[in-house]
Amino acid sequence: MWLINTTSLALEFIEDPETCIYAILSHTWGDNEVSFQDMADVKRARKKQGFSKIQRTCQLALDRNIEYAWVDTCCIDKSSSAELTEAINSMFRWYKQSHICFVFLSDLLSTEYLSSCRWFTRGWTFQELIAPEEIEFYDAGWNLVGTNDSLRGLLAEITGIDEGILNDSDMLQTVPVARRMSWASSRRTTRVEDLAYCLFGIFDVNLPLIYGEGQKAFHRLQEAIAQEKNDLSLFAWTCPGEEMLPLHRRQKFRGMLAESPAEFIECRGLQRISDPGIIPAEVTITNQGFKFSNMLAGGDGEYLLRLDCVARSHELAMGLANTIAIRLVRTAHGYVRHQFSRHTDENNSWLQQNVMSSLPIPKTINPAESQSIITRLRHRFSLHCITGKTPLLEYNIQKAPLHLWDHTTQSFITDGYEYFTGIIDIKLTGKLHGGFSSYQDTFAFKRLATRPIIIFGLVSQPNIHYPSGKQLRPWAAIYTSQDEDRYSRSLSQILAQEKTHGFPHVAREAREFVISREGNTLGPQLPTRCRLSHVFSDGSFTQEEVDQRFEYVLSTELVETPDSTLCKILVHL
């Protein structure tokens with residue numbers, strides 16, 4: 001750590017800053033500041049406008065018998081990326097270990113305008129207000145305005161930072177992540193990356209610097225926080241001003257990470273729920289995104305991810321608070337966030353209906369990816385079974401691919417794949433009355449070999465009115481499990497290959513089965529009825545058999561809106 005000797009004004013390198021006492025300066029940068037290289041020649045450095053701040057700082061330190069001082073403009077060799085990285089990662093600690101911090105408010109002419117000072121709007125000065133134990137504030141004429149103790153209430157009012165944190169920075173890590181982010185929501189930096197780098201100390205993380213990465217810096221910061229802290233308030237950001245953005249920046253879907261601290265502005269009163277009865281979430285991060293355990297619930301056509309925090313701390317104390325949750329939509333391979341305003345659930349028991357939480361939520365989604373998701377979610381299939389009066393039959397409906405069945409919307413996600421193929425296998429169980437038992441009122445059940453099977457999917461058709469030049473259309477057909485293709489393979493034989501070949505292979509084979517039987521055409525003219533004969537026992541000891549013939553009818557209904565096309569598959573059983 002480079003320090004200025006307050007007597008000679010020369011730079012000296014101190015291996016361990018904890019072994020010496022030093023003062024530190026907090027200020028906003030202006031024109032013609034003194035650099036590290038300038039300090040090699042103090043006479044030359046004196047000619048620069050910024051030297052007066054250095055000189056004043058050293059004089060104030062010397063008046064207190066402090067041998068060293070640190071000023072960020074000249075005590076960091078910014079030509080060395082290694083030194084710059086070390087300095088930024090150590091900055092919070094350096095300010096905290098200082099004997100005293102002098103805050104120079106270059107635009108403060110009268111104390112009544114303290115809240116208007118530029119110092120309160122800059123990103124780097126955020127940690128410089130919190131970290132030091134002792135702070136003195138000086139106006140433009142270097143007149144003492146007050147200390148962090150005497151001004152604590154006013155400082156809390158100006159910045160929104162809790163007075164307890166201004167009094168003791170060790171308490172910082174007890175504050176929810178989102179609330180800490182909210183304190184930085186109105187602060188700005190010259191470089192976009194610095195808006196993340198200036199928060200390293202606030203969240204006690206260390207990361208390499210990559211100038212040029214832009215907003216990815218803030219994404220990396222959030223990932224580092226998620227890996228270190230078990231605090232889901234990190235995801236409580238909102239984007240209420242989406243309608244104010246230019247059209248090319250608006251998007252319907254987002255990932256889990258915020259774009260900047262500004263999106264945490266509504267989190268200033270946020271408080272974590274410390275109920276010991278709630279099992280803490282386990283969050284894992286992969287190249288696919290975030291995965292959450294125990295926190296995801298579904299219902300009413302969407303999913304909610306509970307964040308175990310509430311909007312205002314006084315509501316929590318009064319027992320009136322509702323859990324904050326974020327809204328998610330299922331995609332083919334995970335979930336995405338939508339409706340970026342805050343959601344609170346009034347029925348916490350509903351939130352405990354856990355659903356599949358092993359699927360990931362992307363870290364980020366850009367506007368182009370959001371538009372692509374809208375397209376991929378457009379085409380869906382739903383299943384509606386209408387059962388008849390058949391007391392001797394029971395039905396077990398198996399859907400495939402099951403991982404694309406969305407439980408909240410009760411529909412298949414096709415991902416807009418033009419060769420999407422799904423299968424509905426209706427397992428039938430016949431009921432045998434107790435003629436084969438000494439107890440006349442008991443029943444035996446037997447799986448029936450022949451059963452109805454529905455094959456459905458999408459097919460592309462040329463259409464000049466669509467950007468891609470083609471339009472996706474749904475199709476569906478119904479067969480019996482014993483129906484054969486042109487190779488004399490029964491449909492049940494094709495379905496049996498799933499265990500050895502996997503579902504994608506079976507889907508292709510099932511699609512070819514339909515094409516081979518219907519003359520290379522997928523469309524409305526496909527079979528909509530199938531007839532099966534089932535044999536039942538009538539319950540007599542003579543095992544007299546009753547042959548009943550059943551007809552299973554398939555119909556489809558297309559429901560189209562500007563954003564979606566839903567094909568309802570109706571099966572009359």
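The values are calculated or read from the model by the stated rules, or taken from the named source; none is laboratory data. All values reported here derive from a predicted model rather than from experimental measurement. Please note: Cβ atoms are built from the backbone with ideal geometry, for glycine as well, and neighbour counts cover all protein chains shown. What goes into the accessible areas is simple: the full protein's heavy atoms, side chains included, and nothing from ligands, DNA or RNA. Shrake-Rupley method; radii C 1.70, N 1.55, O 1.52, S 1.80 Å.
Side notes on the structure shown:
- For Lys43, a cut-off of 16 angstrom between C-alpha atoms picks up these lysines, skipping any fewer than 8 places away in its own chain: Lys53.
- Taking a ≥ b ≥ c as the square roots of the eigenvalues of the Cα gyration tensor, the chain is prolate, since a/c reaches 1.5 or more and a/b is larger than b/c.
- Ranked by how many other beta carbons lie within 10 Å on average, peptides 178-190, 99-111 from highest: 178-190, 99-111
- Counting only DSSP beta bridges with both residues in the chain, the antiparallel share comes to about 80 percent.
- Listed residue (Asn148, Pro176, Ala236) projecting farthest to the positive dipole end of the range 120-256, Cβ model: Ala236
- What a 1.4 Å probe finds exposed on the chain is 49% carbon and sulfur by accessible area, rounded to a whole percent.
- Dipole of the chain computed with +1 at Lys/Arg Cβ and -1 at Asp/Glu Cβ about the Cα centre; of Val103, Ser492, His384, farthest Cα towards the positive end is Ser492.
- Helix-only mean residue ellipticity at 222 nm for the chain, each DSSP H run of n ≥ 4 adding -39500 (n - 2.57), per residue, nearest 500: -6000 deg cm²/dmol
- Each residue, Glu163 and Arg531, gets one label point 7 Å from its Cα in the Cβ direction; the gap between the two is 8.7 nm.
- Of Lys229/Lys499; Lys427/Lys568; Lys252/Lys568; Lys96/Lys291; Lys47/Lys78, those spanning more than 30 Å from alpha-carbon to alpha-carbon: Lys229/Lys499; Lys96/Lys291
- Rounded to whole numbers, the Karplus 3J(HN,Hα) couplings from phi for the range 413-420 are 8, 9, 6, x, 7, 5, 9, 4 Hz, using 6.51 cos²θ - 1.76 cosθ + 1.60 with θ = phi - 60°, and x at Gly and Pro.
- 5 angstrom amide H check on Gln471, placed H, neighbours 5+ away: Gln461, Asn463
- Couplings for the range 173-190, taken from phi via the Karplus curve 6.51 cos²θ - 1.76 cosθ + 1.60 with θ = phi - 60°, read 6, 8, 8, x, 4, 4, 6, 4, 4, 5, 5, 9, 5, 9, 8, 10, 9, 5 Hz in order; Gly and Pro are left as x.
- Accessible surface computed residue by residue for the chain, with neighbouring protein chains in place and a 1.4 Å probe, gives 48 Å² per residue.
- Placing dummy labels 7 Å off each Cα toward the beta-carbon, the span from Asp300 to His501 is 4.5 nm.
- Charge tally in the Cβ shell below 11 Å around Cys75, where Lys, Arg are +1 and Asp, Glu are -1, Cys75 excluded: -3
- Taking a ≥ b ≥ c as the square roots of the eigenvalues of the Cα gyration tensor, the range 45-139 is classed as rounded, since a/c falls below 1.5.
- Proximity of backbone amide H atoms, modeled 1.01 Å from N, is registered between Gly422 and Phe456, Gly457 at under 5 Å, excluding neighbours fewer than 5 places apart on the same chain.
- Shape call, the range 157-244: gyration tensor on alpha carbons, a/c limit 1.5: rounded
- Summarising the amide proton neighbourhood of Glu134: residues at separation of 5 or more, or on other chains, whose placed amide H is nearer than 5 Å comprise Cys101.
- Full extension of the chain segment joining Glu394 with Ser555 gains 55.9 nm, where the gain is 0.36 nm per residue of separation less the Cα-Cα distance.
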